[in-house]
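Notes follow once the structure below has been shown.
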Amino acid sequence: MFGAGGGTSSYQEIEETDVILLWGSNAREAHPIFFHHLLKGLDNGARMFCVDPRYTSSARFADVWVGIDVGTDIALANGIGREIIHAGLADQKFIDRSTQGFEAYAASVEPFTPDAVAAICGIPPEAVVEMAHAYATADKAQILWTLGITEHHNAVDNVLSLCNLSLLTGHVGRWGSGLVPLRGQNNVQGGGDMGAIPNKFPGFASVDDPDHRARFEAVYGRSLNPVPGWHLTLMFEAMERGDLRALYVIGENPADSEADVIHARAQLESLEILVVQDILMTRTAEMADVVLPASVAWAESNGTVTSSERRVQRVRPAVSPPGQARHDIDILCDMAEAMGAELGPRDPQDAWDELRGLSAMHGGMAWERLEAAGGLQWPCPDEDHPGSPLLHGWLWADDLEGHDPAPFSVLQHEGPTEELSNEFPLRLTTGRALDSYNTGVQSGNYDSPLRFAGLDLNPADAAALGIADGDLVRVCSPRGSVEMNARLVSSLPAGLAFTTLHQPELIDVNVLTNPDWDPKSGTAEFKAAAVRVELIEAPETAGASVG
Amino acid sequence: MADLHFGDDQPTNSERTAVDAVVPEIDAATVTETERLVRGGRSRRQGLRHLLLPVLHSLQHEIGWISPGGLNCAAERLGVPPAEAYGVATFYELLRTTDPGHKEDVVHVCVDPTCAIAGNGELRASLEASGARVHASPCLGQCERAPAVFVQGVSRPDRVPADDDEDFRLPQAGDTGLRVLRRTGVVDPTSLDSYRQHGGYQALAQAIDMGPDAVIAAVSESGLSGRGGAAFPTGIKWRAVADEPGPDKHVVANCDESEPGTFKDRIVCEHDPFAVIESMTIAGLATGSPHGWIYIRGEYPRATARLEGAIAQARSAGLLGDDVAGSGQRFDIELRRGAGAYICGEETALFNSIEGFRGEPRNKPPFPTTHGLFSQPTAINNPETLINVLDIVTDGPEAYRSVGTERSPGTRLFCLSGRVAVPGLYEVPFGTPLGNLIEMAGGPVGSLAAVLLGGAAGVFVGPDALDMPLSLEDTREAGATLGSGVVTVFDDTVDMQAVVVRIAEFFRDESCGQCVPCRVGTKRQHEVLVELQSSGKALSPRRSELIDDMALAMVDASICGLGHTAASAVRSALALGLIGNSS
Amino acid sequence: MSGVATETAVTIRVDDQEVAVPEGATILDACNAAGVDTPTICYGPTLTPVNVCRVCVVELDGSRALVPSCSRPAEEGMVVHTDSERVRHSRKMVLEFLATGVDLAQAEEMGQWAEHYGADPDRYVPGGETMNEPVRVQDNLYIRDYDKCVLCYRCVEACGDDAQHTYAISVAGRGFGARISTEFDVTLPDSACVYCGNCVAVCPTNALQFKTEFDLRQAADWRPEDQTVTQTVCSYCGVGCNLELHVQDNQIVKCTSPDDHDVTQGNLCIKGRFGWNYV
Ligand SMILES: Cc1cc2nc3c(=O)[nH]c(=O)nc-3n(C[C@H](O)[C@H](O)[C@H](O)COP(=O)(O)O)c2cc1C
Ligand code: SF4
Ligand code: SF4
Ligand code: SF4
Ligand code: FES
Ligand code: FES
């Protein structure tokens, strides 16, 4: 957002905010401890609007739940923006000083009248007006989102549409007001910060910027490839073309987690060599030519991770790794050495110090400072700097502290790429449940009494298909079909079906999901596939079948 | 606000109707406006929580217990987590959470001392023999007509059999010196006109003319103190509430009357309900509190009906509502029924009970005058206290102080029961000697052995205390208390050991269980007394020390008055030698 | 010792010391500042005081009854006695009372205080009623042994207002019959419980116990002296919760979170609390 890839606010701020838009996020289950902070905010009197196709457990805490159709977020955001402008609630002073592109934006949202938005999103028009007024007139307001916004073919546009709202109202860069992307996974923030993005070096330096590159080349002692790399989706396209023939996978399970996973597995099969480094025997590892057992980073090795509020904290070894498992850093360095390269320090602290020399925002984070409980929030440029609970305070400085004004984005509503049809009349969306995590590689190993794997269906849809609670059904998308048990959920809107993606060994959900992806982020449209559901007459145990 | 999770138990149609009667679906905590828009959230849920006890009452009344399905329905409608709703339901004696297996009325028979003396055992046996579903109950507030019965109806109104065949007559009927009881038994309690003919609503008119400050000043100068047990100066309380800013303030009439031996509030509410309403209204205007609440114990169906009738008539006459009697001020009253819990008479427990939480007292400070009902400033008074205000307003503090003692001005209601010739409610000036009061009631029956002053929370005094003037200062000096005005008389035929064991059992049963000294102390105290009773021996020094040790901890470290007083009757009985000697 | 006076400090006297504490601090805070050790049971640093156990009472000049130090705000000029005859008596009685009905074998701190104050639970009527509850083992994550429950309300607070807002458990019943319970005592898997384990983390008596600990104790193999505790960060969502991994024989045996960490305040979710089995 406006030039730095991190949430603008600290968790503590939500305890003091007045209006919360929780958008495409079931934080109650996906980010439970963040939700504790949010609950304090509600206890302190904040009002919450929850925008989500499903009436989730988070939505149950909201003053108003707005159940939009899957993939219509931009239309709603534009509609809210239009209403704010028309009601005269935009913060014109902030817009004039701190933003650019307002006129074009204002013109672009003009068609999104409450009625038009209502028609696109499937919600009452008053909801648009109510949210607009609540958000714009609040003293402090935050917008939070998760994968409901980003697992779409237009993920980045979705995010930008929310940023627009904060620029319209000045709800950013101040304590209690901000934009908060809740990271779906541990250390996604850290991974990005450390340059695990195809076009970035650590600290968000650009691979294709010669000046940036030169800084890294000086320390690494070698020239660096100026061409940005591929993200995962591009890699699969390259495999398909035959341009990518060897793959080294570290701590990922694409054989379960990719959208349209049957296709993805075929691509992995076609590789000449697949090397997998992981802590557990995942499905991807089972396919590999070579498996490198790794230690569990957070419980068996030393290092740092970075949370959604840009907080860098230490991880430490509590147990020693079993058998032949080794630390990731050792495996990588040895691998490099075998190939004749020297990767630099192996000791986590030395590696950290190297990073501090290269990434200004980490410069002040001495290892000893991180040892203390709580860690530090970036940017933290020098050792006297206390860390930064909130970002973009410059938006409120008269001279913008030398920054360019923050740009509005002009965005069009497109809707899910896969349209519903007679053949595939139901919208399938996927998500996470409290007790589980991603493909369940780690979380599947404890006895959670909460675990449920199956398809949630609206009772009316189910009745029309002759399906009763607990029946075994077949779910078919244009890409394949999967069997699972149905659960009737009256709070799920008609036309929508939902399943989690945690237990691929039981239910191979990504057989169904749509691989269309966002060219700006590489994320696939996990959240919106078109499916058909059929009752399987003779119930047996659920399992996956490749169709 | 919670992760609301409801089990599979569904309500029956009649349970759903019972819930609908209190909270219609459109007022539920979460409302589906369209399939795509649901309204809920914190403030909405908080706003409904106070309906929990009424909903539970409704369910109990409908089918005779609160079933898992019924509880789910109520909890979902109100947005209350079912575990909490269960915690509330299990707090009250009148609410059942296990299936009784029948749909018959429950006949509550009092087991407290006065009724025990009056032969509740035989009554109980005969009721049981006739097939009634009998349930042992603590004092039912009908000690003057012991042994007492209360019938809790299932799908039928609750009733008190004694109400049917009783032509009410006050023992002091015709005594023109009466103040609080002046209209009782004279006025038609169901008629506002009749109340007006007997001088009703003159005080309100005068109070409006005087203005809040002058009313509070008069109450302060009168020296009026609380009649609910703690004897706190009413003027100070009202002043404190009046001084709090903002309109969200409350006046509460505490009609929970459950102190064993007390029945005065029942009689006053049944026979002079408009006086309670009028005096509450004066309190509301004086303290600037628009919200009035009556909390009445669940075993008082007739008093409840009369108060409800009075509220309705006052409302339609413009004496309650947005503009009270042309004053331009708002005051209205909601009535809430208790459900069988002595502790809910404790003011902060009462607030929790109204708010839909377990009736557990709160630690003080903060006090109700700043953090009362819904944590807002609240003036809570006993109805007897309130009714005194009428004369203070009309006659002035000087006239008010013309009876009683210097430090205890005015009159006091006393509930005489047990071994006296004419049990009943008596009003006498403060300072009247105990013996005179008992003589007014026709004197003791049999040879006087002891008098319990102040109820279970009070103390026993012996025949040598008959000269003691009944004033706050004199009783305090004697180590006794007037409490809520209980005078229970025992003669030498009464098994005092059994009486004291029952008092200990009462506290054990009625402790809310929140704080350790009282939860465990009342339990162990009872065990010691049962041991003493069954041993037939004298109290050993070791046990005597234990009783004293427990008592001191309860007095010193309990949260509320229940724990503070749970040992006082027991210890006074030991000190007087009523128990503890070998028999 | 005396605290640092700030602009909004209040000064109170604890025994023979003057201490200054910030406005809003409790008498207990003042006792801590004065270096006076105070027993507590229902108090928890992350919980709103419910002041029900009464073991922390102190004598306050001008107050008839003793006052609970954990909840009573310190006010300028208060004079507090923490070791008077009355204070020692009430503290002793609270500990003694609890010991008469509850299995306190695993409540070490309470045991130490009971000894300190000379509590003698054996002097009561033999055969007195006790909690008398079976151990509830209803899943593989944690157990509830209400024979050990002192009804401190901490679990209820942690499950409810003070952290989790799930309200799966409440106090049910009244008086000596009061118990921590789900609605109609349904099993935990049938209740609203989401297995955050936050109740377990605050239980002072081990009435709530992680199943791993329970099993090891059953096998007489629970050896705290052989355990290490390592602080690290949870590997699941990106919130950054700190974990304390308790390790015995190179096996994780339980997982807690530090009370004083401002992200978690001692709380975790089911994944962080129990999701370490694969390590
Ligand atoms: C256990 C207990 C029960 C009580 N029950 C009653 C009651 O039934 N009625 C009442 O007026 N006060 C009762 N009180 C006293 C109230 O807490 C409170 O002091 C009183 O309602 C204040 O009104 P007053 O000032 O007019 O007396 C009780 C107190 C305790 C500790
Ligand atoms: S003293 Fe008894 S009744 Fe009062 S709060 Fe304590 S346990 Fe409850
Ligand atoms: S584990 Fe969590 S949800 Fe379950 S009872 Fe304990 S605190 Fe409540
Ligand atoms: S289970 Fe533990 S935390 Fe809960 S009340 Fe009992 S002792 Fe306290
Ligand atoms: S009604 Fe039985 S003692 Fe009062
Ligand atoms: S610790 Fe203060 S009352 Fe329990």
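A few notes on this one:
- Strands (runs of 3 or more DSSP E) (entirely within segment B:15-123) containing at least 3 residues that are under 30 Å from A:M48 (Cα atoms): B:31-34, B:37-39
- Any hit, segment C:114-123, residues being away from ligand 3 (no atom under 16 Å from the Cβ), among the hydrophobic types (A, V, I, L, M, F, W, C) and more than 10 Å from chain B (Cβ to nearest Cβ): yes
- C:C42 being surrounded by 18 or more Cβ atoms within 10 Å (Cβ to Cβ), assigned to a loop (DSSP other than H, G, I, E, B) and not hydroxyl-bearing (S, T, Y): yes
- Identification of helices (runs of 4 or more DSSP H) wholly contained in segment A:4-90 with 2 or more residues that are under 20 Å from A:K140 (Cβ atoms) and touching a residue at least 12 places away in the same chain (Cβ under 8 Å) yields A:11-14, A:32-43, A:73-86.
- For segment B:124-152, taking the residues that are assigned to a loop (DSSP other than H, G, I, E, B) and more than 16 Å from ligand 1 (Cβ to nearest atom), the one that is farthest from the other protein chains (Cβ to nearest Cβ) is identified as B:S130.
- Scanning segment A:122-179 for residues that are out of contact with any strand residue (DSSP E or B) (no Cβ under 8 Å at 6 or more places or on another chain), free of Cβ contacts under 8 Å to residues at least 60 places away in the same chain and buried (at least 24 other Cβ atoms within 10 Å of the Cβ) turns up A:V128, A:A132, A:A136.
- Test: residue in segment C:20-31 that is at pLDDT 95 or above, of a type in the set (A, V, I, L, M), within 14 Å of ligand 6 (Cβ to nearest atom) and over 19 Å from the mean Cα position of the chain (by Cα): yes
- Condition broken by B:E144, with the remaining ones in (1) of a type in the set (D, E); (2) touching a residue at least 24 places away in the same chain (Cβ under 8 Å); (3) more than 12 Å from ligand 5 (Cβ to nearest atom) satisfied: (3)
- Residue within segment B:476-494 that is touching a Ser or Thr at 6+ places or on another chain (Cβ under 9 Å), of a type in the set (S, T, Y) and under 20 Å from B:Q142 (Cα atoms) present: yes
- Under the condition of being touching a Gly at 6+ places or on another chain (Cβ under 8 Å), surrounded by fewer than 24 Cβ atoms within 10 Å (Cβ to Cβ) and assigned to a loop (DSSP other than H, G, I, E, B), the residues counted in segment C:237-256 number 0.
- Output for segment C:76-121, where each listed residue is aliphatic (A, V, I, L, M) and part of a loop (DSSP other than H, G, I, E, B): C:M78, C:V102, C:L104, C:A105, C:A107, C:A119
- Any chance A:G101 is in the same structural domain as A:D157 (by TED's automatic domain parsing), out of contact with any Lys or Arg (no Cβ under 6 Å at 6 or more places or on another chain) and buried (at least 22 other Cβ atoms within 10 Å of the Cβ): no
- Residues that are more than 14 Å from chain C (Cβ to nearest Cβ) and crowded, with 17+ Cβ neighbours inside 10 Å number at least 1 in the following helices (runs of 4 or more DSSP H) confined to segment A:184-258: A:210-220, A:232-241, A:254-257.
- Residues of segment A:445-482 classified as part of a loop (DSSP other than H, G, I, E, B) and within 14 Å of chain C (Cβ to nearest Cβ), total: 7
- Applying a threshold of 8 Å to beta carbon distances and a minimum spacing of six or more residues, or different chains, the list of pairs starting in segment C:109-124 at a residue that is under 19 Å from B:H526 (Cα atoms) and ending at one that is at pLDDT 95 or above and polar (S, T, N, Q) reads C:P121/C:T100; C:Y124/C:T100.
- Here the condition is being within 22 Å of B:H371 (Cβ to Cβ) and at pLDDT 95 or above; of B:H250, B:H198, it holds for B:H250 alone.
- Of all residues in segment C:6-25, those satisfying the criterion of being surrounded by 20 or more Cβ atoms within 10 Å (Cβ to Cβ) and touching a Ser or Thr at 6+ places or on another chain (Cβ under 9 Å) are C:V14, C:V19, C:V21.
- The selection criterion, being surrounded by fewer than 17 Cβ atoms within 10 Å (Cβ to Cβ), within 27 Å of B:V88 (Cα to Cα) and within 16 Å of ligand 6 (Cβ to nearest atom), does not hold for B:P361.
- Looking only at segment C:244-279, and only at residues there that are among the hydrophobic types (A, V, I, L, M, F, W, C) and under 16 Å from C:Y195 (Cα atoms), the one that is farthest from the other protein chains (Cβ to nearest Cβ): C:C255
- In segment B:482-520, the residues that are within 16 Å of ligand 1 (Cβ to nearest atom), within 14 Å of chain C (Cβ to nearest Cβ) and touching a Leu at 6+ places or on another chain (Cβ under 9 Å): B:A504, B:E505, B:F507, B:E510, B:S511, B:C512, B:G513, B:Q514, B:C518, B:R519
- Subset of segment B:552-583 that is over 19 Å from B:A450 (Cβ atoms), under 25 Å from the mean Cα position of the chain (by Cα) and assigned to a helix (DSSP H, G or I) - its residue that is nearest to ligand 6 (Cβ to nearest atom): B:A557
The values are calculated or read from the model by the stated rules, or taken from the named source; none is laboratory data. Given the structure is predicted, the values throughout are model-derived calculations rather than measurements. For neighbour counting, all protein chains shown are included, and Cβ atoms are generated from backbone atoms with ideal geometry for every residue, glycine included.
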